[in-house]
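Comments concern the structure below.
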Amino acid sequence: MERIVVLPGDGIGPEVTVEAQRVLAAAASRHGLELEFEDELIGGASIDAHGTPLRDEVVDLCRKSRAVLLGAVGGPKWDDMPVDTRPERGLLRIRKELGLFANLRPAAVFSALTGASSLRPEIVDGIDLLVVRELTGGLYFGEPRGRALVEGQREARNTMVYDEHEIERVARVAFESAGRRRRHLTHVHKANVLEVSQLWVEVVEEVARDFPDVELAHQLVDSCAMLLVREPKRFDVLVTSNLFGDILSDEAAMITGSLGMLPSASLGEGGIGLYEPVHGSAPDLVGRDAANPLAAIGSAAMLLEHSLDAPEPARAIRDAVAAVLAAGHRTADLVLEGETRDVVGCTAMADLVLDNLGLDERDGRS
Ligand code: IPM
Ligand code: MN
């Protein structure tokens with residue numbers, strides 16, 4: 001029995017994680033894996049119940065589990081709070097406490113969805129890239145930080161700082177991922193301005209010596225943002241710092257059609273993985289059964305692959321999702337303007353995925 005902690009969080013987080021959990025449990029049990037789920041609070045939900053975005057008990061529970069499935073945190077209700085007590089702090093803390101320094105955000109386009117992108121289909125068709133984002137350092141965590149009143153003026157400060165160990169370990173994850181893919185790695189930086197980026201270039205070059213079969217390129221972050229919309233297919237794996245990765249992964253997600261499709265895995269030294277959709281809490285969609293559960297379901301597939309060493313049920317989930325999309329089913333976020341289609345809700349979409357898992361089994365495929 002493997003224990004999975006579920007942290008649904010806020011907004012549409014609970015709606016998509018409950019569906020992802022159903023699909024995960026079904027796919028796992030068909031492959032002989034029994035999972036035990038435990039629900040806990042994070043983010044605004046935890047602030048409301050306990051006055052803090054993440055309790056120590058929850059961190060301990062996660063430490064004793066195999067993996068964590070997370071929804072989303074934040075929402076308008078908590079928007080006026082200072083940054084150090086906000087819902088987002090719970091997410092940042094769990095990443096840090098579990099040592100999850102490598103955040104894998106794959107952005108691949110399902111062929112049924114090339115029309116859903118805001119880019120032309122011929123630019124989109126075949127996009128298959130992976131953003132490896134450093135997740136426990138950089139501007140998000142650097143000290144000193146905070147606000148001050150200096151000679152009557154409000155001032156605020158954050159610090160971008162990386163040491164070579166932090167860069168090296170995430171670079172290794174990125175090179176290893178590239179080695180399993182098309183063997184091309186792009187390091188994204190701002191070394192024409194930032195000393196931190198110059199250190200990244202140096203350390204990434206050093207790590208590259210251990211991966212002679214992976215081709216390495218360095219790309220400035222501004223031109224990378226431009227190339228992602230002009231020629232996204234040129235990219236295989238991208239590796240970058242926390243803030244740049246946050247920004248570029250939203251861009252990468254959107255060019256594939258919808259932010260509602262993209263899963264992520266956060267991995268580290270401790271052997272515990274955290275899996276969450278890249279989309280946020282989407283307050284405007286809450287309570288309307290309108291959220292797209294496929295990013296959360298894709299995160300469940302990543303959990304099977306990375307934390308449970310179970311690639312077959314992971315593939316079964318992805319195949320089921322592809323089949324559902326190919327059959328024309330769409331949640332509202334995937335429907336183009338002017339297109340007439342039956343729109344399915346969050347629960348119905350997960351039901352369809354479950355039905356297709358079943359069909360796979362009866363066909364003897366997996
Ligand atoms: C993400 C989110 C988070 C981040 C927020 C909610 C703290 O945008 O996971 O991309 O910036 O890392
Ligand atoms: Mn983000």
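Values as computed for the structure displayed
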quantity	calculated
Orientation-averaged projected area, Cα convex hull of region 64-117 (nm²)	6.5
Rounded, prolate or oblate (a/c below 1.5 giving rounded, otherwise prolate when a/b exceeds b/c) for the chain by Cα gyration tensor	rounded
Viscosity 1.306 mPa s, temperature 10 °C, Stokes-Einstein D of region 15-117 from Kirkwood C-alpha radius, µm²/s	100
Positive dipole terminus of the chain, leading residue within M1, L91, A252 (C-beta point charges)	A252
Per principal axis, descending, Cα span of region 217-287 in whole Å	40, 35, 19
Length gained when the stretch D284-L61 is fully extended (0.36 nm per residue, less Cα-Cα span)	77.2 nm
Radius, Kirkwood style, for region 233-366 when every pair of distinct Cα atoms is counted (Å)	16.2
Magnitude of the charge dipole, the chain, Cβ model with Lys/Arg +1 and Asp/Glu -1, debye to 20	260
Dipole magnitude of region 105-257, debye to nearest 20 (Cβ charges: Lys/Arg +1, Asp/Glu -1, about Cα centre)	460
Contour excess over end-to-end distance, with Cα ends at H184 and E168 and 0.36 nm allotted per residue	4.0 nm
The chain - mean residue ellipticity at 222 nm from DSSP helices (-39,500 (n - 2.57) per run, n ≥ 4, rounded to 500)	-13000 deg cm²/dmol
Approximate shape of region 105-257 as ellipsoid semi-axes (Cα gyration tensor, √5λ), whole Å, largest first	30, 21, 12
Length added when fully stretched, R3-E143, from 0.36 nm per residue minus Cα-Cα	46.9 nm
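Readers should treat all values here as calculations from the given coordinates under stated rules, not as data from a laboratory. Since the model is a prediction, treat every value here as computed from it, not as a measurement. Methodologically, a virtual Cβ is constructed for each residue, glycine included, from the backbone with ideal geometry; neighbour enumeration extends over all protein chains shown.
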